[in-house]
Amino acid sequence: MANILRAYTALSTSSTKSEVSTVLQSIINAPPFTIDASSRIELIKSLLRDLTAATSGSKPISSKEAAQALLAVKELGKNPAGSEFIGTPTNLRTLLSLASAFKDDEEATSEALRCIANALFLIEKARSTILDEEVDGGNIVIWMLEKTTIPDHIFVLSRILFLATVPGPRSFILHLVEDKFNGHTAIEIIGSKLDILTVGVLSATKMAKEAMTDILKFAFNLLLYYPKFVRTEPQNSEARNNDNLDENAVIGDFWSSKLDGLLAPALRVFTSLPPTSPSPIAAPVTHVIHTLITIPITADLRSIWFGNPSGTTASNSNTNSPKNASRSHTPQSKSNSGSRHGSPGPSHSSPPPVVAPKPSTLDRALSVLSVGRRSLSRSPPSNTKPAPSLDVLQHAYDLLDNAFTHFFPESVDVDDASNLRGG
C-alpha cells in the first residue's frame, strides 16, 4: 500500500511516540501481498536508515521503538522480495550492527537476528553472502552465541549458523572447529549451550526446547561435513583403502577427535530429556539422536558412551531389567512358556505344549541390541569383572519400547502385512 509508505515517510523528528508506534503497527499488521515490491523495499531501506540513526539518539525512531521497528522489518522480509533486499551484504551487515547496538534490549536484538534468519531461510544466496569477508557474519554470530545465555537468542543465532552451514562451506566449517572464539571452539560452545538448555527444558523455560533443537541442527552440520573435509581417523576398510572416497563419503566413514567434546553433553541431553507427548520421539529428542548416530564408539569415547565400570555385571543387569521381565517372549520350558508378561513359577502339573509366539519387531530389535551390547564390551569372559554401565542403552531401550507401544498398541500385530500398506 502506497499510503503506508507515505505515512511512514511523513514522520519527522517532531512526531510523537504514539504517532510513530501507530505507523509501525500498521506496517506490522498489513495483510500479505498488500504492499507492492517497490514500496516494500523502500520501507525496509527507510526503517534500517532510521534505526541506524536511532543508535546515536536521532529520530523519528528512538531506541525505545527499536524492537517494534525491527519487527516491522521482519514482517516486510517475510515476502521474498523483502528478504532478497535484506539478504544483501550492506543490509546483513546493518542488521548485525543493530543486533549489537541494541544488546541491552533483548527483544530488539532478537528481532534484528530474526530478520537475518528469515532472509537466509528464504534466499539461498544469502547463506553464502553472510559469510563473505565484507559482512563477516559467521564470526559475529558465533561470538554472540558464545556470550549469550538467553534461550531466544541461542535459538535464532543457532538458526543462522545452521542455515549458513547447510551448503557445507569448507573454510568456515574448518574455522569453527579448529579456531577459538573467546577461548572456545564451536564444539565447546555448543556443548556449554546444550547444558544450559537442558536445565531450561527441564524447567519449561520459554524457547529452551526450540533453542536446543536448532543448536543440535547446527551441530549436526559440523559433524556431517568436518570429518569429510579432514579425512582423518577412517572408521571402516573402505575409507582406509579408497583414496578417491571424497564426495561419496558418508557419515561414519571418517571421524576427528576434535569433535569428541560433543559426545558428553549430547548424551546428557539424551538421557535427561523427559518423554514427549503424544509422540514419544519428537524434537529435540529426534535431533539429539541425529547428532549421536554420527559419533563413533572409538577407544577414547567408549568410556563416555557407556560410563565407567560399575559393580553390576552385564548378566545381572539383563536379568534385573524390568523390561526383560515384562517383554520376554522366549519360552523357558514346555511347562512354563507362552506368556507375554512373564512366566509363572514351576508347576507340578504338565500343561499341554504351547507354541512359542512369533517374535515381534521389538523382540528382533532387542535381539540386535543385545548382540551389540556384548560386542561393545572388550572385557574378558569373567563373572567377577564389572561390565560397563548400560544407562545409555537402557534409555534407548525405553525410548524404543515407548515408541512401539505408542505406534503399535498391544492389540496390533506389528508384523501384520497390513501395517506395511498405506491407508
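The values are calculated or read from the model by the stated rules, or taken from the named source; none is laboratory data. The structure presented is a predicted model; accordingly, all values stated were derived computationally and were not measured. Here the Cβ is made from the backbone with ideal geometry for all residues, glycine too, and neighbour counts use every protein chain on show. Surface accessibility is based on the protein's heavy atoms, side chains included, excluding ligands, DNA and RNA. Shrake-Rupley method; radii C 1.70, N 1.55, O 1.52, S 1.80 Å.
Computed with every protein chain present, the accessible area of residue 196 is close to 70 Å² [probe 1.4 Å].
Here the contact order of the stretch 1-105, divided by its residue count and restricted to Cα pairs under 8 Å and six or more residues apart, works out to 29 percent.
Since only 252, 273, 241 are under comparison, the one whose Cα sits farthest along the positive direction of the charge dipole of the stretch 228-297, derived from C-beta charges on Lys, Arg, Asp and Glu, is 273.
Counting charges near residue 17 (Lys, Arg +1; Asp, Glu -1) among other residues having Cβ under 13 Å from its Cβ returns a value of 0. Net charge of the neighbourhood of residue 153, taken over other residues with C-beta under 14 Å away and scored Lys/Arg +1, Asp/Glu -1, is -3. The GluC sites (Glu not before Pro) of the stretch 180-262 that meet both conditions, a loop assignment by DSSP and at most 12 other Cβ atoms within 10 Å of the site Cβ, are 247. The Cβ shell under 11 Å around residue 78 holds other residues with a net charge of +2, Lys and Arg each +1, Asp and Glu each -1. In this structure residue 132 has an accessible area near 60 Å², from a 1.4 Å probe over the protein heavy atoms. Taking the empirical scaling 2.2 N^0.38 Å for compact globular proteins as reference, the stretch 1-112 has a Cα radius of gyration ratio of 0.97. Within the full protein context, the accessible area of residue 303 is estimated at about 60 Å² for a probe radius of 1.4 Å. When the P(r) of the stretch 99-195 is calculated, the portion above 19 Å amounts to 37% of the C-alpha pairs.
Among the chymotrypsin sites (Phe, Trp or Tyr not before Pro) found in the stretch 20-120, those both in a DSSP coil and sparsely packed, with 14 or fewer other Cβ atoms within 10 Å of their Cβ, are 33.
When 6, 231 are compared by accessible area of protein heavy atoms, the largest-first order is 6, 231, using a 1.4 Å probe.
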